[in-house]
Amino acid sequence: MQGYESIIGLETHIQLNTKTKIFCSCKADSWMDPPNTNICPVCTGLPGVLPVLNKEVVDKAILLSLAMHVDAVQPISYFARKNYFYPDLPKGYQISQYDEPLARGGYMDIAMPDGSTRIVMIHKLHIEEDAGKTVHQDDGRMIDFNRCGIPLVEMVTGPDLRSADEAAQYLIRLRQLLRWLGISEADMERGQLRCDANVSIRLLGETDLNPKTEIKNVNSIENVRSAIQAEIDRQIREVQAGNEIQAWTLNWDEDSQILSKMRSKETEADYRYFREPDLLPIHVSEAWLRELGTRLPELPLERRERFMQEYRLPMYDAEILTEERSLSEYFEETVSVSDGDPKVISNWLMNDVLRLIRERNLNAGQLKLQPRHLAAIIHMVESKEITNSTGKDLLEKVEETGQNPERLVEEEGLGKVSDEETLRALVKEILAANPEQVATYQGGKTTLIGWFVGQVMRQTQGQADAQLSRKILEELLNE
Ligand SMILES: [Zn+2]
């Protein structure tokens with residue numbers, strides 16, 4: 001893209017994972033439920049009922065605000081009605097926040113794949129209710145109100161992202177953070193994290209912002225990347241052809257990978273906002289904020305940094321171990337109950353344990369294989385009580401049975417080191433460590449073989465197969 005840079009801002013809608021909806025006691029999560037089964041007079045907008053705010057929604061939105069380092073969670077914020085007519089919006093308005101949102105002025109540190117960090121400003125963060133769903137079927141349009149009243153947080157970034165890849169990276173990191181905080185499942189395919197992208201271009205070196213377009217309805221991170229790239233390319237072609245960019249709203253068609261114009265963009269005046277008369281303002285006290293502050297965990301990037309410092313892990317390891325919160329906790333707990341090298345523990349986790357986790361579609365916190373089990377297995381391998389491959393088999397066995405690995409080794413006789421490859425490696429080590437004895441043996445004093453076998457036995461706490469050890473020793477000594 002010679003000569004141009006792209007300016008991208010993202011507007012995300014985050015579905016909070018509360019038990020109930022934002023203004024009624026209907027179940028919030030309707031994934032896979034039949035249409036119109038989690039509804040009531042409040043969320044379907046029948047006359048004569050009043051909304052009641054769910055405190056858990058505010059808790060989770062404040063937790064996110066704190067993680068975004070906002071300047072301030074507003075002591076008082078207000079709900080507003082956003083008026084528009086659409087079949088899946090039974091009230092004719094959406095309860096949202098407008099001029100006095102929950103929080104303003106934060107930022108998020110985005111770790112980029114090359115190890116650098118980019119700061120993305122968060123202009124404001126507010127809470128609102130979701131609308132229903134219109135489902136297109138052969139014989140017409142069907143409305144499902146289950147989604148009405150599911151709590152959302154809307155978060156708008158500054159125009160701080162400079163490429164489709166950076167926008168994708170922002171979403172990857174936001175998804176990680178939301179799951180880390182435990183406030184949203186953040187699955188884009190399920191609409192739990194939605195993203196609209198504002199895109200404009202300008203000549204490199206310019207500082208003014210040009211008219212932007214907004215891309216709607218993109219439902220995976222890969223599609224966000226493709227749609228933004230397609231729009232950047234389109235805008236450059238338009239400008240180079242002497243045309244002006246119009247402030248359109250664009251729709252991304254996932255199957256054909258093509259953008260099409262939905263409508264000219266609405267302005268905020270079209271929504272005729274006014275204060276919601278049926279709800280009190282949200283008052284956030286100092287005490288409430290303090291209480292939530294104590295619930296804010298160490299954030300992924302901070303933990304990644306600490307793992308590098310405290311455990312001397314390479315960034316590659318620290319990155320993988322902090323991708324998901326329960327994995328990072330699993331690592332630290334294993335280190336704390338083990339006498340082993342953190343790097344060795346990290347290797348076991350990144351290779352074998354992570355494979356176990358993925359194969360079973362679990363997270364680290366759900367494994368039957370506990371950190372103390374893993375520590376014991378690593379200890380047995382490191383002290384050569386069992387072979388490396390026995391150790392790997394044990395991971396599976398413990399995960400299946402939940403049994404203590406030491407007991408499994410004893411009961412199943414796994415401790416005997418009879419694996420030829422392991423013994424051969426150990427014999428090589430012993431020979432290398434005792435050059436004098438090797439020279440004496442090779443000089444003719446072959447009775448020394450007994451001494452060498454004794455060394456193998458000592459190193460394996462008597463678990464080695466003596467006959468096999470002798471055979472390997474003779475073979476290597478007579479080479
Ligand atoms: Zn309801």
Residue within region 103-121 that is out of contact with any Phe, Trp or Tyr (no Cβ under 7 Å at 6 or more places or on another chain), closer than 30 Å to P159 by Cα and within 16 Å of the ligand (Cβ to nearest atom) present: no
Tally of residues being among the aliphatic types (A, V, I, L, M), within 13 Å of the ligand (Cβ to nearest atom) and farther than 24 Å from L193 by Cβ across region 37-77: 5
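How many of the residues in region 219-255 are hydrophobic (A, V, I, L, M, F, W, C) and within 33 Å of the chain's Cα centre (by Cα)?
In the first step, residues of region 219-255 are kept if they are hydrophobic (A, V, I, L, M, F, W, C); the result is 221, 224, 227-228, 230, 232, 236, 239, 241, 245, 247-248, 250, 252.
Checking which are within 33 Å of the chain's Cα centre (by Cα) leaves us with 221, 224, 227-228, 230, 232, 248, 250, 252.
Adding up the residues that qualify gives 9.
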Members of region 439-470 found to be touching a residue at least 60 places away in the same chain (Cβ under 8 Å), open to solvent by 80 Å² or more (accessible area, probe 1.4 Å) and either out of contact with any helix residue (DSSP H, G or I) (no Cβ under 8 Å at 6 or more places or on another chain) or part of a loop (DSSP other than H, G, I, E, B) (or both), listed by number: Q461
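Find the residue count for region 375-385, including only residues that are outside any helix (DSSP H, G or I) and surrounded by 15 or more Cβ atoms within 10 Å (Cβ to Cβ). Even if it seems obvious, please write down each step before you answer.
If we filter region 375-385 for residues that are outside any helix (DSSP H, G or I), which is where we start, we get 383-385.
Those left that are additionally surrounded by 15 or more Cβ atoms within 10 Å (Cβ to Cβ): 384-385.
Within region 375-385, residues that are outside any helix (DSSP H, G or I) and surrounded by 15 or more Cβ atoms within 10 Å (Cβ to Cβ) number 2.
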Counted residues, region 220-252 - those being of a type outside the set (A, V, I, L, M, F, W, C) and not in a helix (DSSP H, G or I): 7
Residue within region 353-374 that is aliphatic (A, V, I, L, M), at pLDDT 95 or above and open to solvent by 20 Å² or more (accessible area, probe 1.4 Å) present: no
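Taking the condition in contact (Cβ under 8 Å) with a residue 24 or more places away in the chain and either open to solvent by less than 20 Å² (accessible area, probe 1.4 Å) or not aliphatic (A, V, I, L, M) (or both), does L473 pass? Reasoning before the result, please.
Numbers: in contact (Cβ under 8 Å) with a residue 24 or more places away in the chain: yes; either open to solvent by less than 20 Å² (accessible area, probe 1.4 Å) or not aliphatic (A, V, I, L, M) (or both): yes.
Considered against the rule, which asks whether it is in contact (Cβ under 8 Å) with a residue 24 or more places away in the chain and either open to solvent by less than 20 Å² (accessible area, probe 1.4 Å) or not aliphatic (A, V, I, L, M) (or both), L473 comes out as yes.
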Tally, over region 113-135, of residues that are surrounded by 13 or more Cβ atoms within 10 Å (Cβ to Cβ), farther than 21 Å from L16 by Cα and of a type in the set (A, V, I, L, M, F, W, C): 2
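Would you be able to say whether some residue in region 171-183 is surrounded by fewer than 19 Cβ atoms within 10 Å (Cβ to Cβ) and of a type outside the set (V, I, T)?
Initially, region 171-183 is screened for residues surrounded by fewer than 19 Cβ atoms within 10 Å (Cβ to Cβ), giving 172, 182.
Checking which are of a type outside the set (V, I, T) leaves us with 182.
Taking every residue of region 171-183 in turn, at least one turns out to be surrounded by fewer than 19 Cβ atoms within 10 Å (Cβ to Cβ) and of a type outside the set (V, I, T).
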Some residue of region 20-36 being modelled with pLDDT of 95 or more, assigned to a strand (DSSP E or B) and either within 15 Å of the ligand (Cβ to nearest atom) or of a type outside the set (D, E) (or both): yes
Count of region 136-158 residues which are more than 25 Å from L63 (Cβ to Cβ), open to solvent by less than 60 Å² (accessible area, probe 1.4 Å) and away from the ligand (no atom under 16 Å from the Cβ): 1
Some residue of region 87-94 being assigned to a strand (DSSP E or B) and under 30 Å from L46 (Cβ atoms): yes
Conditions (1) of a type in the set (D, E); (2) modelled with pLDDT of 90 or more; (3) open to solvent by 50 Å² or more (accessible area, probe 1.4 Å): number failed by E266: (2)
Scan of region 420-438 for residues that are surrounded by fewer than 16 Cβ atoms within 10 Å (Cβ to Cβ) and not basic (K, R), ordered by number: E420, E421, A425, E429, A432, A433, P435, E436
Within region 182-208, tally of residues that are modelled with pLDDT of 95 or more, among the β-branched types (V, I, T) and farther than 27 Å from N17 by Cβ: 2
Members of region 81-98 that are touching a residue at least 60 places away in the same chain (Cβ under 8 Å) and out of contact with any strand residue (DSSP E or B) (no Cβ under 6 Å at 6 or more places or on another chain): Y84
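The values are calculated or read from the model by the stated rules, or taken from the named source; none is laboratory data. Values in this document were obtained by computation on a predicted structure and should not be read as measured data. Note that each Cβ is placed from the backbone with ideal geometry, even for glycine, and that neighbours are counted across all protein chains shown. What goes into the accessible areas is simple: the full protein's heavy atoms, side chains included, and nothing from ligands, DNA or RNA. Shrake-Rupley method; radii C 1.70, N 1.55, O 1.52, S 1.80 Å.
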